[in-house]
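Below: one structure, written as structure tokens.
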Amino acid sequence: MTIQYAILGLLNWRPFSGYELKKVFADSSVFYWSGNNNQIYTALVQLHKEKLVTQEIEHQETLPARKTYTITPEGQAVLKRWLLSAPELPEFHNNFLIQLTWADMLEPKELDSLLANYEAELSVQILMQQEKARRPATSPSRTPREVYLWEMISHNIVSIYENELSWVHQLRSGLKTL
């Protein structure tokens, strides 16, 4: 995911300050971004330079000036072109699989402990994602279709963790029969 498109999409929903965007990225499972916060601000500066967003500066008495960004019609056109482009397949990076590749070195109890810990982490992630989905909407709800799309995105994230948990159960069961 390029951060610029995520920012344009959020600004298409409503205006945001850089700080508010940072919070959305930090709190969201959908807007996963592994980069640092400076990349958000760098992207905003670039989008502003390209006239894809406007910037309004609000001076505050006791706080630094607040910059609020709004998408422009040009920004909406760029976002729409991206939405119509061919979707990218999800990237698959699972460091645990690399770790598991060499797990035959472990004693049976050590391997079982490793898998039990992974299983526990997955269970926690499932609960966290389900809780995020139950929280009051931090997403746009302009149309029933949009609400449904966001619900299905949350469902997708939970199902990925549930599938991984099911796979670990199957793995542990199979190892017991060896």
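Anything in the range 154-177 that is among the small types (G, A, S) and within 14 Å of the chain's Cα centre (by Cα)? List them, or say none.
Listed by number, the list holds a single entry, S154.
Could you pull out the residue among Q39, Q76, Q46, Q60 that is at pLDDT 95 or above, farther than 13 Å from L10 by Cα and more than 14 Å from the chain's Cα centre (by Cα)?
Q46
Within the range 86-114, restricting attention to residues that are under 20 Å from the mean Cα position of the chain (by Cα) and of a type in the set (S, T, N, Q), which residue is surrounded by the most Cβ atoms within 10 Å (Cβ to Cβ)?
So the residue we want is N94.
Among what's in the range 122-178 and is in contact with a Phe, Trp or Tyr (Cβ under 7 Å, 6 or more places away or on another chain) and closer than 14 Å to S28 by Cβ, pick the residue that is surrounded by the fewest Cβ atoms within 10 Å (Cβ to Cβ).
Per the stated criteria, the residue is P140.
Criterion first (in the same structural domain as P140 (by TED's automatic domain parsing), in a helix (DSSP H, G or I), of a type outside the set (D, E) and under 26 Å from N156 (Cβ atoms)) does N12 satisfy it?
So N12 fails the test.
Out of H93, H155, which single residue is assigned to a loop (DSSP other than H, G, I, E, B) and either at pLDDT below 95 or assigned by TED's automatic domain parsing to the domain that holds H48 (or both)?
H93
Quick one: which of A120, A133 is over 24 Å from L11 (Cα atoms) and not assigned by TED's automatic domain parsing to the domain that holds L11?
A120
Across the range 116-142, what is the total count of residues that are at pLDDT 90 or above and of a type outside the set (S, T, N, Q)?
Of the residues in the range 116-142, 10 are at pLDDT 90 or above and of a type outside the set (S, T, N, Q).
Considering the range 57-82 alone, what residues qualify as being surrounded by fewer than 17 Cβ atoms within 10 Å (Cβ to Cβ) and touching a residue at least 60 places away in the same chain (Cβ under 8 Å)?
Passing the criteria: Q76, W82.
The values are calculated or read from the model by the stated rules, or taken from the named source; none is laboratory data. Worth saying up front: this structure is predicted, and the values here are computed from it rather than measured. In this analysis, Cβ positions are derived from the backbone assuming ideal geometry, glycine residues included, and neighbour counts consider all displayed protein chains.
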